[in-house]
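Read-outs: derived from the displayed coordinates by stated rules, not from any lab. Since this is a predicted model, take the numbers as computed values, not measurements. FYI the Cβ positions are ideal-geometry reconstructions off the backbone, even for glycines, and counts take in every protein chain you see.
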Amino acid sequence: MLKRKVSLDDFYAWYQENKIRLREDAFKYSIHNEKLREEFLKEWPLDRILTMSIDEYVIGKGQQNKSLCYALEKGKYKNLFLGISGGSASKFGIYWNEDTQSYKNQANKIIPVSELEQRFNKLKRDLYQIIQIGSKLDFDNPIFDMKKSTNEFIGRSAVVTKLLCIYSENHSFLGVNMNSQNEFWNRLIPQSNQGGPYRQNHEICKLFSKTYPELESSILGSVLFEYSKDCIDSDNKQGEKEMSEQNNIHHPLSNILLKSKNLILRGAPGTGKTYLAKEIAKELTDGNEDQIGFVQFHPSYDYTDFVEGLRPVSNNSQISFELQDGIFKKFCKKAEKNWVYSQKDKFELEKEKKSTAKISKYFSSMEFPSDKLYTTRNSSFFITEIDEDYIYISIPENEVSKKVKLKIQDIEAMLTSESQFKQVKDITRFFNKNNATQEYSYYLTLYKMIKNESIQEEVIEIDNELKNFVFIIDEINRGEISKIFGELFFSIDPGYRGERGSISTQYANLHETDDKFYIPENVYIIGTMNDIDRSVDTFDFAMRRRFRFIEVTAESQVAMLDKELDIHAEEAKLRLRNLNAAIENVQELNSHYHIGPSYFLKLKDVDFDYELLWSDYLKPLLEDYLRGSYEEAETLDTLKKAFNLTNNGETDRQDTGDNDADN
């Protein structure tokens, strides 16, 4: 949420008010910055980029490697002009992966040894050119056409901006990461396609330095960074109150969930825990149902339902088993997609969106099964259906395999890469495989057809806003927690969210790739549980440690009666409070056995007949509470009198409590 209206005039006024403090602080920083810059230029003159070895470049081999990427992101020069930490190592184009002992590309795919030298030489040329041309401020050069440039660093604005600040002789760039374009930077000087954030950065630097000559770029960068912080609330540096304002969050439990990641609402039956969980989820997701997941645990629920497992499928009247994702894994994949998008540069994301739009357009008018299609070797096949993840192919003439499925994600990657795929071997090389598979011939056919789809660019909406995804587990303690979550005990921990909490699932040996599963940072989990449920004692202690427990009392939720029962609310609240006071006086019971206000919402179903509410809803529950207890019948009669407001002692006591509650 913006604290002030961002504009040039506002900056000028803000700077005049704070310039003495700002210049003193920025000057100290600029001296340290310039010293680091001189050391960097001695160690890494621009020409060295063209001659460096791959291990002198890549991150992933540890501090001892002293590579360029390590030095810029995590090493000696990490704070030089601007930090570029965060995201994945793929932002450098090539990186070393310790797990696979191989070099990977920006798509996190292994680069074949036969292609590595050629691939790295192109990367070096691209990096050298964008720095050299950018340092000369030649933003009209085709290399800076944000939509058509073939330079692979054009979309990596943080890395390139940091290097332009270092190598530019005239200090022509600001050492700031220009995220929050719509909220901040575009309100100062709008970004254009030709030159993108690099031209915008330089134009802001030039304009402000002209107005205030004392603000050279090294100082101006620090000043503008302070101004942006003063204008935009930071999620990471504000307290709960400010976080509420920024996210438009009003319910205190919503704030608790944002901070704790995992929350369990516990309390007596009927206290509205599930309703409350859904309200919290709606608030955190702006009511977008696609960002809310829901499941109810029960004794027979297991890992295969929740994470992944083998499921029977019918194939030409034959039953076979396929590995399918469970409800929670599917939900996490949606959240992961949003998380990944939010970390990507706008222009990189635009390429992906165009690929997705082409695929959608190609299939939008197709009827299934499709007309007969042909591979380059003239083998026929049909498309029988598509879903969110796969394209299903039928090959009637094939004696070995009649059906295959193609990953939509793989076709998107092929289109986005802008590589040329003319033969099956090109696809084999792209996916870093030693041998072609049957599917690649179908990939090639569809790629060629989809590639030529024309789309209107104005329909491409780029949405890389990070969103909250809330997963509700109703009656979480009714399931066998260790059996359902399995190895997710590790990943669900708030301290191990994201890729650092990646795990191999129980069915990893059946996966087509070696990808691991993790719970993204933007996933929040709410569980509900009844305190008196007999299975509560078996709730896994390892899981208890990973959740924050909040008690939801009957009294805290009585406001729902005002909302739902209108003129009948006051009597309902009086009967509820009187009954709960009587329950606490029963030797075997306590506040965990209170009757929640949700039971009194049933009054609408029985035409506000309290006798029916008692006989059909409350009495059976209380009988279960009291079964086997001493003087069961007498106790039940006492509770009914309290409910009917005929127990004067309890009524007087509850009236006093009610008055206290209202004051």
note = In this structure, among LYS210/LYS467; LYS148/LYS448; LYS5/LYS563; LYS122/LYS451; LYS109/LYS361, pairs with alpha-carbon gaps over 29 Å are LYS210/LYS467; LYS5/LYS563
task = Take every Cα pair under 8 Å in the range 554-644 that's 6+ residues apart, average their separations, divide by the length, and report that relative contact order as a whole percent.
result = 32
ask   = Once the Cα atoms of helix 327-343 and of the chain are each reduced to a long axis, what angle between those two axes, in degrees from 0 to 90 to the nearest 10, is obtained?
value = 40
query = Which whole-Hz couplings ³J(HN,Hα) result when phi for each residue of the range 153-165 is put into the Karplus expression 6.51 cos²θ - 1.76 cosθ + 1.60, θ = phi - 60°, listed in order with x for Gly and Pro?
reply = 9, 4, x, 9, 5, 5, 4, 5, 4, 4, 6, 5, 4
ask   = Going highest first, how would you order 37-46, 147-156 by mean Cβ packing within 10 Å?
value = 147-156, 37-46
Crossing angle, helix 408-417 versus the chain [Cα axis fit, 0-90 degrees, rounded to tens] = 30
note = Percent relative contact order for the range 8-240, counting Cα pairs under 8 Å at least six residues apart, stands at 19
key: Relative contact order (percent, whole number), the chain, Cα cutoff 8 Å, 6+ residue spacing   = 13
task = Tell me the label-point distance for the pair ASN378, GLU24, using the 7 Å Cα-to-Cβ offset, in nm and rounded to one decimal.
result = 8.5
note = By the mean-Cβ-within-10 Å protection proxy, highest first, 122-132, 588-598 rank as 588-598, 122-132
query = Counting each DSSP H run of 4 or more residues in the chain as -39500 (n - 2.57), what helix-only mean residue ellipticity at 222 nm follows after dividing by all residues, to the nearest 500 deg cm²/dmol?
reply = -13500 deg cm²/dmol
ask   = What full-extension length gain, to one decimal in nm, is calculated for ILE455 and SER482 as 0.36 nm per residue of separation minus the Cα-Cα distance?
value = 4.9 nm
inquiry  = Cut-off under 15 Å on the C-alpha distance; same-chain residues fewer than 8 positions from LYS74 excluded. Which aspartates and glutamates are left, in chain and number order?
reply    = GLU56
